[in-house]
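What follows is a single structure, written as structure tokens, with notes after it.
Taken together, the values in this text are just the output of simple stated rules run on the coordinates, not laboratory data. Quick caveat: nothing in here was measured; it's all calculated off a predicted structure. Note that we place each Cβ from the backbone using ideal geometry, even for glycine, and neighbour counts take in every protein chain shown.
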């Protein structure tokens, strides 16, 4: 029984290391990394409690070992908060340098980490924007509640493209984020698209383009400005947002926001394995109908790559990615940022050293607060 404390402390210490190292290629390990990275400020209570028990209830080697392991666990759990704190100090100046805008102070809200923020209410209705091969394609449209002085004026619209590995997910993902955008005065359209393997690329791109066309055609009724659209996507949705945003050559698309997304599909294929967390080889074969081993499919891979499609004059871009991402290597965002820099496209890459895929699952956690601020500032500068 005397070794229970160090054993539990060892488990806590090993789990906390997921803020320093990439999680193993297992879905459960990735989910644990989200919990530790974005809720570590709560989890730190466990090693602190174990340390207290060791000080007052044990002695000798058990106490020393337990306290050492608890120190490691506490450091790992609190690393996201301290790292996000440092990033937050520099983020306003960096975003102003990248996109312009007003001076605005920002700091990590420690109280918000624990108490959170209530999800604002938002009026939402579901619309069918296309029918194809017997399938209805729908979007969830969120209309902002505007004050009297701006009522009737068209609002910029954020088009949200969901993730899910191209063969899953739906437009209801992380709907609380949509409500937060609406509370800032933006309209939001969360769109569906046809899924692999039944439909391969470019069906998904075409569906997003069709949704954009539908929004423009119905802009007066929806009270949105058809010349001020921003694409926001997570994971697979981020790939679509960048590919559509850069490939459409549409001046109405004022910006692209991509969170933890792949942007170079031939490169992604080259680093994929069947035994990784998502069996990426299978996902790519489903999405494109096979590997890029023929000229025809190579063209498909390139046409889905923001890395290849971006040009001078492409929309300003905000990238967010965790360096400990198990599902989509952060080098995708890093390489795209370098390409944007080369082409002098306004952009900023929010790099989160501790974070993994889906770090914005907790909108009030360290990663969530940074994403919230960066997205808000970006939208304010690229729309009017």
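Would you please put 287-297, 135-145 in order of how densely packed they are, using the mean number of other Cβ atoms within 10 angstrom per residue and starting with the highest?
My ranking of the peptides, most packed first, is 135-145, 287-297.
In percent, what relative contact order does the chain have, based on Cα pairs under 8 Å that are 6 or more apart in sequence?
19 percent.
Please report 347, 321 as a ranked list, fewest other C-beta atoms within 10 angstrom at the top and most at the bottom.
Details: 347 24, 321 27.
If I rank by nearby Cβ atoms, fewest first, I get 347, 321.
Can you put 324, 376 in order of Cβ neighbours within 10 angstrom, beginning with the fewest?
376, 324
Could you give the nm distance between label points at residue 227 and residue 11, where each point is 7 Å from its Cα heading toward the beta carbon?
The modelled label-to-label distance comes out at 6.1 nm.
If R0 is 41 Å, what FRET efficiency do you get for residue 135 and residue 249 from their C-beta distance, rounded to 0.05?
0.90
Alpha carbon centre of segment 291-307 versus segment 34-71: separation in Å?
The two parts, judged by their Cα centres, are 50 Å apart.
Would you mind computing, in nm to one decimal, how far apart the modelled labels at residue 55 and residue 312 are, each placed 7 Å from Cα along Cα→Cβ?
6.3 nm
Report, please, the projected area of the chain averaged over directions, based on the convex hull of its C-alpha atoms, in nm².
21.0 nm²
For the modelled label position 7 Å from the Cα of residue 126 along Cα-to-Cβ, which residues of segment 184-216 have backbone nitrogen atoms closer than 17 Å?
Residues 189-195 fall inside that zone.
Would you mind calculating the gained length between residue 4 and residue 86 on full extension (0.36 nm times residue separation, minus the Cα-Cα distance), in nm to one decimal?
Working: separation 82, 0.36 × 82 = 29.52 nm, distance 3.63 nm.
Additional length available on full extension: 25.9 nm.
If you average the alpha carbon positions of segment 329-384 and of segment 108-186, how far apart do those two centres end up, in angstrom?
So the separation of the two Cα centres works out to 19 Å.
Give me the number: length gained by fully extending residue 203 to residue 105, i.e. 0.36 nm times residue separation minus the C-alpha to C-alpha distance, one decimal in nm.
Roughly 31.0 nm would be gained on extension.
Length gain on complete extension for the stretch residue 27 to residue 271, per 0.36 nm per residue less the alpha carbon to alpha carbon distance?
Gain on stretching residue 27 to residue 271: 86.0 nm.
At a Förster radius of 41 Å, what calculated FRET efficiency corresponds to the Cβ-Cβ distance of residue 42 and residue 64, to the nearest 0.05? Can you show the working numbers first?
Working: r = 27 Å, r/R0 = 0.65.
About 0.95, to the nearest 0.05.
Does anything in segment 174-195 have its amide N under 19 Å from the 7 Å Cα→Cβ label point of residue 145, and if so which residues?
Under cut-off, by backbone N: 175-189.
Among 239, 369, 341, determine the one that fluctuates most according to a GNM of the chain built with springs between C-alpha atoms less than 10 Å apart.
Result for the chain, Cα springs under 10 Å: 341 fluctuates most.
Going by how many other beta carbons lie within 10 Å of each one, how would you line up 319, 91, fewest first?
So the residues, fewest neighbours to most, are 91, 319.
Antiparallel DSSP bridges in the chain: what percent, to the nearest 5? Show your work: numbers first, answer last.
Working: 13 of 40 bridges.
That works out to approximately 30 percent antiparallel.
Where a ≥ b ≥ c are the square roots of the eigenvalues of the C-alpha gyration tensor, would you call segment 4-94 rounded, which needs a/c under 1.5, or, failing that, prolate if a/b is larger than b/c, or oblate?
Verdict is oblate for segment 4-94.
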